[in-house]
Structures are given as structure tokens and as C-alpha cells.
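Down below is the structure, laid out as C-alpha cells.
Since every read-out is calculated from the coordinates, none of them should be taken as a lab result. Just so it is clear, the model here is predicted, and its values are computed rather than measured. Reconstructed Cβ throughout: ideal geometry from the backbone, glycine too, with neighbour counts over all protein chains shown.
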Amino acid sequence: MRIAIASDHAAIELKAELTAWLTSLGHEVADLGPDSGERVDYPDYGYKLAAHVAGGQAERGVALCGSGIGISIAVNRNPACRCALVGEPLSAALSREHNDANVIALGARLTGPDMAKACVTAFLDTAFAGGRHGPRVDKLGAPSV
């Protein structure tokens with residue numbers, strides 16, 4: 001699978017570990033940065049990741065920051081992205097099964113590497129159920145008030 005991954009400075013170590021792990025599993029991983037631990041702004045990397053996924057350059061995305069909150073908000077600004085902030089595998093699986101999430105967000109200060117891998121595994125291994133969830137997901141990309 002083609003997977004894009006991006007973080008801010010707070011999650012650079014988790015990003016490196018997940019990138020190496022995903023690559024070892026045979027996935028094609030696009031590391032969108034940053035490349036060092038210097039302070040950066042998470043919206044810049046969230047927008048970059050969202051554009052990569054929305055443009056079809058990756059099938060799924062992994063967004064990381066200290067809490068996962070800020071970068072998930074940035075990714076969700078792109079109407080083609082559905083980013084779910086999760087902290088355990090069941091939420092990761094349900095984000096795919098019910099919401100057809102194409103990006104997962106994790107907080108490096110809240111989620112250790114083993115739990116992060118379990119969440120990413122659930123996210124990648126779960127298919128969208130469709131059915132009654134389809135029309136709801138369609139509304140996420142075209143809000144009407």
C-alpha cells in the first residue's frame with residue numbers, strides 16, 4: 001500500500017520508527033517530513049499530508065504530533081480527507097469500517113510505539129463496511145447546513 005506519513009517535531013522519533021516498520025512490511029512509504037527535530041508548525045505538515053492523500057499519491061496517511069489533535073484538525077481541513085485521531089486499535093478499526101477514514105492521527109506524547117503500531121495495523125487491515133455508512137460518509141465531504 002502507498003502510505004504518506006508526516007509529523008511535527010514532537011513526533012519525529014515515532015515517525016521514524018513507524019516509517020521503518022511500515023517499509024519493512026513492504027509498504028511504499030512517503031515520508032513528508034520534517035527531517036530534523038527542529039521546531040516546526042504541525043499545520044504545515046498536516047496540510048502537506050492531506051494534499052498528498054487527496055491527490056492520490058497515497059492511499060492512506062499517518063499524521064503525528066505531540067497530542068495528535070492539532071495535526072488531525074489540519075488534515076481535516078481538506079474535504080477529501082477523513083482523519084481520525086485514535087489511541088487504541090478498536091477506534092482505528094472503526095474509523096475505517098464506519099467512517100472510511102483515509103488518514104489516522106496519533107499523539108506521540110500519548111501513544112507509545114507498540115500501541116501506535118497496533119493502531120496503524122488495525123487502520124490498514126480494516127475495510128470500509130459501506131452499506132448504511134456510505135451515505136453518511138458522503139455527507140462528510142459535502143456538508144449542507
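Picking from Val40, His27, Ser95, whose Cα lies most toward the positive end of the charge dipole for the stretch 1-125 (charges on Cβ: Lys, Arg +1; Asp, Glu -1)?
It is Ser95.
At 0.36 nm per residue, and after removing the present C-alpha to C-alpha distance, how many nm does the segment from Ala51 to Leu140 gain when stretched out fully?
Using 0.36 nm per residue and subtracting the Cα-Cα distance, I get 30.3 nm.
Between Ala63, His133, Ala118, whose Cα lies farthest towards the positive end of the dipole of the chain when Lys and Arg beta carbons carry +1 and Asp and Glu beta carbons carry -1, centred on the Cα centre?
It is His133.
How large is the convex hull of the C-alpha atoms of the stretch 105-145 per residue, in Å³?
So the per-residue Cα hull volume is 101 Å³.
Measure off 7 Å from each Cα along the Cα-to-Cβ vector at Ala118 and Ser91, then give the distance between these two points in nanometres to one decimal.
Taking the simple label geometry, Ala118 and Ser91 are separated by 1.4 nm.
Please list, by residue number, everything in the stretch 36-64 whose backbone N is under 20 Å from a paramagnetic label point 7 Å out along Cα→Cβ of Arg109.
36-47, 63-64, by backbone N distance to the label point.
Quick one: net charge of Ala6's neighbours, Cβ under 13 Å, K/R +1, D/E -1?
Charge balance in the 13 Å sphere: -2.
Note down the magnitude of the dipole of the chain about its Cα centre, charges +1 on Lys and Arg C-beta and -1 on Asp and Glu C-beta and zero elsewhere, to the nearest 20 debye.
On the way: 13 positive and 16 negative charges, 105 e Å.
Once rounded to the nearest 20, the dipole reads 500 debye.
Arranged by the count of other C-beta atoms within 10 angstrom, fewest first, what order do Cys65, Cys83 take? Provide the component values of the computation, followed by the final result.
Numbers: Cys65 31, Cys83 28.
Ranking Cys65, Cys83 by Cβ neighbours within 10 Å, fewest first, gives Cys83, Cys65.
Quote to one decimal, in nm, the extra length available between Asp41 and Arg132 on full extension: 0.36 nm per residue of separation minus the C-alpha distance between them. Write down the numbers at each step before the final one.
On the way: separation 91, 0.36 × 91 = 32.76 nm, distance 3.78 nm.
Gain on stretching Asp41 to Arg132: 29.0 nm.
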